[in-house]
Each structure stands twice: as structure tokens, then as C-alpha cells.
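Derivation of every value follows stated rules applied to the coordinates shown; laboratory data play no part. Keep in mind that what you see is a predicted model, and the values were worked out from it rather than measured. Cβ atoms come from the backbone with ideal geometry, glycine included; neighbour counts cover every protein chain shown.
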Amino acid sequence: MTEKLKIAVLMGGQSAERSVSLATGTQVLNALDPEKYAVIAIDTATGLSSLPRPAGGGGEESPVTALTQLPQLEKDGLPDVVFIALHGPGGEDGSVQGFLEVLRIPYTGSGVLASALAMDKARYKMLCTSASIPTPAGIVIKRGESARIRKAGEEIGLQLGFPVVIKPCRQGSSYGTRLVKAPEEVLDALKDTFRYDDTALVEECVKGVEITVAVLGNESDCFALPPVEIIPKHEFFDFEDKYSADGAEEICPARLSDEDTKEAKELALECHRLLGCRGMSRTDMFVTDDGCVVLETNTIPGMTPTSLLPKAAAAAGISFERLLDLLIGYSIDSSARRGPGGK
């Protein structure tokens, strides 16, 4: 009988996206095949508590171990693979990835550099611009720039016009993000944004068909999944649209021309490779009359019941269980290719 792989699912954490991470982690726990994997859940914030075992686990509870306990475990007790189901700062920005690199434990998703670059939307835009990947026009405003903040409405009007989208530079799930239609709304929007980050990214509001394109695979051996079209119920794709059961309408495959579909997939693959992503990524963009405009790339897309990566995978004939198997396989393959740094 083949020995089961020991999988540790990292979830929860301390970011604003904790609830989303717990939903992702629970979905993963319930789908990992108990015939293939011995699974433990790890909440990186709360330490010891409990979460339900995956389906088929006999109804017992599985302990959630404090992340800080991992180094103290005996070598044979370390997991074979860590499945990262964390979102936002502390989980998606390269920090936990670096911790796992030190421990030499393979983990799902991208490495330190790709994670950090994708999380920082301003630097991500600079990287895309250097590669001639179209992104919305934008400016960056920092919390400490008091004089500039007081006149931000005027500056934004002159450089970008209205409406604009104001968002935290290093945050996800639309926390702290506002659609701003007039100069007098700017200060309040910046105040909200600075609750989540000390840097605000202000971007022109792009008009077109909103889509997202997921990519699976490592290095040159990767492929794009069918684009998902997003039709928000609100003025932009906000938290409620993303995670409520009656949120945005999502259509997969997206209702695009063959030409637009090809361009969107090629751009998603280009972003994946430009960042150096591993395992998976999901690039959000708009399809406009002048072509696709890229918003951002997510290195740890959500895996909740309403998430877009599993929806795109299903459209490609990949079940959720198979998707998890692939991501675990990619992590082992990537670790082996990196040599002594991997387990």
C-alpha cells in the first residue's frame, strides 16, 4: 500500500482576509482525498483549536496546530507538502513562503519573489509596463504625504479624470477599495484605503467586459483555463459580489470572440511567466474595444464555493479534487527542480 502524503493546510491568519482564508482552507480540507493524504489543518494566527476533518474522516476532529510549532517537530513529523490557503498580507506576500523555504518544505503556489511582486500592485504595474503589458493609468499616494493628500482630488482630476478606483496597494478581496466619481469623494476614500495599507493605488476606471483568466503549471509547462466573465451586481466587483451566494453573475467560458479569448489567455500566461509564478495564478483584466487591460495577478486565488479558479477548472473538465492533486504535484515537482532547497 502506498504511504499517504502528509499535507498541512495553512489557513486563517491575521489579515483582513481571514474569513476568506478559512473558507478556502475548509473547502480544501473537505476535498483532499483521505485515501491519498494524511491532512492536518494549521491556523497561523490562533494556535491550537480544531476544525472538521475532511469528508470520510470518520467524524473526528483534526487539530489545528500553531505554525510556530512546526520547527520543533521531529524531522519525520514534518509535512511532505504545505498547502497554502492563506490570503492577504502574511500569507500571499512571500513571507510564509520564505519561512517554508527555510524549513525546506515544499508548498503550493508561487515562491517568495513572485508572491511579493504580485501582492504589491504598484510594483506589479511597473513590471507589467516594462514588459509592454497594458494596465490602467494610475498614480500612487502614500499615507505620509499630507500636503499631497489634501490636494489629491485636484491631482487625480488633472492626471486621470473621474471616475477612478482607489485601492490599497497590498490587500485583496476588495477591502478598502472604492469607486470614486468626484474630487470631493477622494479624501474619504483615501482614509478608508489607509486603514489597510500605507500606500494607495489610484487607477482610471476601465470600461469593458470584466474577466479573469487562471493559469496552471510551472515555468514553461503551464496552460490557461477558460476565461470567466464577471458581471457585478454593484458598480464594481466588491467583497459582496465576490463571496456572497447571490453575488456577481459569473459565466464560464466568457462570452468573448475567439480573438479576444486568445489574447486574454496569452496575457495571463505572459503575466504568470513574467512574475515567475508556480502552480497557479489568476489574472484579472478588462476586455475593451482596444484590447485587454490587465488589473492584477493573484498567486493564491480563492478556493471558496463561489471562487473563480475552481469554476474555470470545472469548465476545462478538471474536478476540484483533481485540481488539488495537480497543485500538490506541481509543488513537489517545483521543489525537486530547485534542488537542495526543496525537501
Checklist entry - Once you put a point 7 Å from the Cα of Asp33 and another 7 Å from the Cα of Glu219, both along the Cβ direction, what distance in nm separates them? => result 2.7 nm
Checklist entry - What is the set of long-range amide H partners of Ala41 at a cut-off below 5 Å, with H atoms built 1.01 Å from backbone N? => result Val9, Thr65
Checklist entry - Given H placed on each backbone N at 1.01 Å, which residues far from Glu296 in sequence or on other chains put an amide H within less than 5 Å of it? => result Asp284
Checklist entry - Are there trypsin sites (Lys or Arg not before Pro) in region 99-188 that DSSP puts in a loop and that have at most 16 other Cβ atoms within 10 Å, and which ones? => result Arg104, Arg143, Lys151, Lys181
Next on the checklist: Just to confirm my numbers, what's the Cα centroid distance between region 159-196 and region 5-24 in Å?
Outcome noted: 27 Å
Item to check | Kirkwood estimate for region 156-196, i.e. one over the average of 1/r between Cα atoms, Å | outcome: 10.3 Å
